[in-house]
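Bear in mind these aren't lab numbers, they're just calculated from the coordinates by the rules spelled out. Bear in mind the structure is a predicted one, so any value in this text is a computation, not a measurement. Every residue, glycine as well, gets a Cβ built from its backbone with ideal geometry; the counts of neighbours run over all protein chains shown.
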């Protein structure tokens with residue numbers, strides 16, 4: 001049976017959980033995740049974990065926050081005055097907004113708080129600052 005190595009096309013099934021046990025993503029009931037080892041399509045730590053594995057093999061791994069989405073950064077949180085948004089626009093906590101910045105860059109941010117005077121937006125990835133645990137199984141190695 002062929003083992004995964006750099007350049008291999010690997011298909012895996014996994015359940016991704018957080019430290020509190022909450023599932024953040026799973027391939028159960030869907031298609032496996034397929035990627036080429038060494039092409040940077042997934043976290044390098046995940047590539048390293050599957051290297052050397054063969055089809056049918058299972059493994060539990062933990063990817064630290066630093067090796068996943070990085071730390072939560074306070075500079076990715078901005079506070080805007082409510083008056084900067086159209087008066088009739090409904091804004092609610094948890095809502096995603098695309099914000100245009102100087103220089104033509106845009107970024108999707110999540111409203112974390114809103115009141116009559118201000119809107120707080122968070123541009124961190126929702127999983128930033130969190131360690132990720134994967135229960136994974138190799139489906140196929142090509």
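Worth pointing out:
- Note on the range 35-44: residues that are within 15 Å of the chain's Cα centre (by Cα) and either crowded, with 17+ Cβ neighbours inside 10 Å or not in a helix (DSSP H, G or I) (or both) total 4.
- Within the range 74-92, the residues that satisfy the criterion of being assigned to a loop (DSSP other than H, G, I, E, B) and loosely packed, with under 12 Cβ neighbours inside 10 Å are 86, 87, 88, 89, 90, 92.
- Among residues of the range 114-123, those that are surrounded by 13 or more Cβ atoms within 10 Å (Cβ to Cβ) and over 30 Å from residue 36 (Cβ atoms), counted: 6
- Here is the figure for the range 105-118: residues that are under 27 Å from residue 18 (Cβ atoms) and more than 16 Å from the chain's Cα centre (by Cα) total 4.
- Of all residues in the range 1-34, those that are surrounded by 17 or more Cβ atoms within 10 Å (Cβ to Cβ) and within 12 Å of residue 136 (Cβ to Cβ) total 10.
- Which listed residue, of 63, 138, is touching a helix residue (DSSP H, G or I) at 6+ places or on another chain (Cβ under 6 Å) and closer than 30 Å to residue 8 by Cα: 63
- For the range 124-142, a residue qualifies if it is in contact with a strand residue (DSSP E or B) (Cβ under 8 Å, 6 or more places away or on another chain), surrounded by fewer than 16 Cβ atoms within 10 Å (Cβ to Cβ) and over 16 Å from residue 62 (Cβ atoms), and the qualifying residues are 126, 140, 142.
- Residues of the range 6-34 satisfying the condition of being free of Cβ contacts under 8 Å to residues at least 24 places away in the same chain, assigned to a loop (DSSP other than H, G, I, E, B) and over 23 Å from residue 54 (Cα atoms): 20, 21, 22
- Just so you know, in the range 93-104 the residues that are farther than 15 Å from residue 124 by Cα and not in a loop (DSSP other than H, G, I, E, B) include one that is nearest to the chain's Cα centre (by Cα), and it is 100.
- Among the residues of the range 66-112, those that are touching a residue at least 40 places away in the same chain (Cβ under 8 Å) and closer than 30 Å to residue 13 by Cβ comprise 68, 69, 70, 71, 72.
- Only one of 109, 53 that is surrounded by 13 or more Cβ atoms within 10 Å (Cβ to Cβ) and in a loop (DSSP other than H, G, I, E, B): 53
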